[in-house]
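The values are calculated or read from the model by the stated rules, or taken from the named source; none is laboratory data. None of the values given here were measured: they were computed from a predicted structure. Cβ placement follows ideal geometry from the backbone for every residue including glycine, while neighbour counts extend to all protein chains displayed. Ligands, DNA and RNA are excluded from the accessible area calculation, which covers all protein heavy atoms including side chains. Shrake-Rupley method; radii C 1.70, N 1.55, O 1.52, S 1.80 Å.
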Amino acid sequence: MTNQQNVAVLDVKSRGLRSLLPPSSPLVAKSFSPTGLDVLLTKSFEVEKGGTKINACVDSMRSSSPTRIRSTYSTDDKSSSILHHPSALSMFDQIMAASIGKRIVMFLDYDGTLSPIVEDPDRAFMSGEVTIPVHKLPSSLLFTPTKFIVSNQMRTAVRDVARYFPTAIVTGRCRDKVYSFVKLSGLYYAGSHGMDIKGPSKSSKYKNGNRGVLFQPASEFLPMIDEVYKALVEKTKSIGGAKVENNKFCVSVHFRCVDEKSWAALAEQVRSVLNQYPMLKITQGRKVLEIRPTIEWDKGRALEFLLEALGYANSNDVLPIYIGDDRTDEDAFKVEEFLRRLVDWKKYSQGKAAP
Ligand SMILES: O=P(O)(O)OC[C@H]1O[C@H](O[C@H]2O[C@H](CO)[C@@H](O)[C@H](O)[C@H]2O)[C@H](O)[C@@H](O)[C@@H]1O
C-alpha cells in the first residue's frame with residue numbers, strides 16, 4: 001500500500017465523531033496518509049531532549065492536556081470545526097455510498113474511543129460495561145467469578161461489527177492488556193502503538209504457524225524498554241500521583257493524577273532517564289508521556305501492515321475506517337451508534353448474512 005491509500009478518519013473526541021474529511025470533498029476521494037495517522041490522532045508531540053527543554057516540555061504537557069476541548073474552543077472555533085469536519089453520523093449515508101464496491105476494514109482506537117477516559121489506566125473498562133462486584137453476587141452461584149458482567153454495550157457493538165468487517169484495535173496499550181479489556185477473539189490487535197500486531201488471518205505471509213498474524217518490528221527493544229520501565233518507576237516514585245505503565249514495546253508515564261506544580265519535576269526525571277537512551281523518544285498523549293523506540297513505525301504503519309496482511313496492499317477495493325480520539329473525552333455512545341448503524345446497514349441495506 002502507498003501513502004495515497006484513502007482512509008476515512010473519524011475523530012471521536014475533539015469533534016464528537018466527526019469525519020476529518022471536509023464536507024465538500026467527495027468522500028474518500030481525498031487521500032490521507034496512514035503513516036500520518038499518528039500525527040493526526042495520537043497527538044504526537046515530540047518532546048526534545050537535553051538542555052533547557054523542560055519548560056517547553058511542561059508547556060506541551062499543559063497544552064495537550066485540556067480537560068475538555070469545549071473549554072478551549074471559542075464558539076467560532078467550534079462552529080468552524082463542525083463546518084469543516086461534519087459529524088460522521090450525519091454523513092453516514094455518504095460514507096456508505098463511498099464504500100460501495102469496496103471492502104470496509106474497521107480500525108478502532110481503545111482509550112477514549114471504546115472506553116471512557118478514567119484516572120486509573122488499569123480500570124479503563126469498555127464503555128457501557130456494568131459489573132457486579134463479587135461480594136454482591138448471590139451465594140447460590142456454583143462458581144465464584146471475580147465479577148459478573150451484566151451489560152457490555154460497546155463490546156457487543158464491536159463484536160457485531162467484527163462479524164461483518166475485518167476489525168482491528170489499534171492502541172498505545174500493551175496488546176495483552178487491551179485484550180483483557182476487549183475480550184473478543186477473531187479481531188486483530190495492534191498494541192504498543194502498532195509495534196505488536198496479532199491477528200487471526202489465515203492467508204497472510206506474516207502467519208505465525210497456525211496462530212495467525214504476528215508482527216513485532218521493535219522486538220530487539222524489549223530488554224531496553226524493560227530497563228527503562230524499571231528506571232522510570234524508581235525515578236518517579238517520589239512524585240505523588242505519577243504512574244508508570246509497561247506497554248511492552250513502549251512505556252507510559254501518566255501525569256493525570258500529578259499536581260501541576262510537579263509536572264516540571266516529573267518531566268525532568270523522565271528526561272534524565274531518557275538521556276541515556278538515544279534510541280528512544282518521547283511523545284505525548286492525554287496526560288501521559290509515551291516513551292518508544294525511534295523506529296519508523298506507528299499506528300499508521302500498523303494500519304498499512306494490516307491492510308497488506310488482509311490482501312489490500314495498493315488496492316482501491318478497500319475503505320479503511322479509523323475511529324480514534326484526539327485530545328479530550330466525549331461521547332463513547334456515538335462510537336457505539338456508528339458501529340451499530342454500520343452493522344444494520346450491512347445487514348439490511350445489502351441483505352447479506354454475516355460471513
Ligand atoms: O492509543 P490509545 O489506545 O488511545 O492509548 C493511549 C494511552 O491510553 C491510556 O492512557 C489514557 O487512558 C487512561 C485511562 O482512561 C488515562 O488514565 C490516561 O490519562 C490516558 O492517557 C494508556 O494507559 C496509555 O498507556 C496509552 O499510551
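Just checking, how many residues over the range 175-201 are open to solvent by 20 Å² or more (accessible area, probe 1.4 Å) and within 12 Å of the ligand (Cβ to nearest atom)?
2
Tell me which residues, restricted to the range 151-171, are assigned to a loop (DSSP other than H, G, I, E, B) and either open to solvent by less than 10 Å² (accessible area, probe 1.4 Å) or basic (Lys, Arg) (or both). Talk me through it step by step, then tell me what you get.
Applying the first criterion (assigned to a loop (DSSP other than H, G, I, E, B)) to the range 151-171 yields 165-166, 171.
Phe165, Thr171 - these are the residues of the range 151-171 that are assigned to a loop (DSSP other than H, G, I, E, B) and either open to solvent by less than 10 Å² (accessible area, probe 1.4 Å) or basic (Lys, Arg) (or both).
Can you confirm whether Ala88 is away from the ligand (no atom under 16 Å from the Cβ), more than 24 Å from Leu184 (Cα to Cα) and crowded, with 21+ Cβ neighbours inside 10 Å?
Numbers: away from the ligand (no atom under 16 Å from the Cβ): yes; more than 24 Å from Leu184 (Cα to Cα): yes; crowded, with 21+ Cβ neighbours inside 10 Å: yes.
Yes, satisfied.
Quick one: in the range 240-264, of everything that is in a loop (DSSP other than H, G, I, E, B) and in contact with a Ser or Thr (Cβ under 6 Å, 6 or more places away or on another chain), which residue is nearest to the ligand (Cβ to nearest atom)?
In this case the residue turns out to be Asn247.
Checking Ala242 against (1) at pLDDT 95 or above; (2) closer than 22 Å to Ser115 by Cβ; (3) out of contact with any Leu (no Cβ under 7 Å at 6 or more places or on another chain): exactly one of these is not met. Which one?
(3)
Residues are listed down the side, and each one gets a yes or a no for (1) at positive phi; (2) open to solvent by 30 Å² or more (accessible area, probe 1.4 Å); (3) modelled with pLDDT of 95 or more:
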site	(1), (2), (3)
Asp226	no, yes, yes
Tyr229	no, yes, yes
Asn247	no, no, yes
Cys250	no, no, yes
His254	no, yes, yes
Pro278	no, yes, yes
Glu304	no, no, no
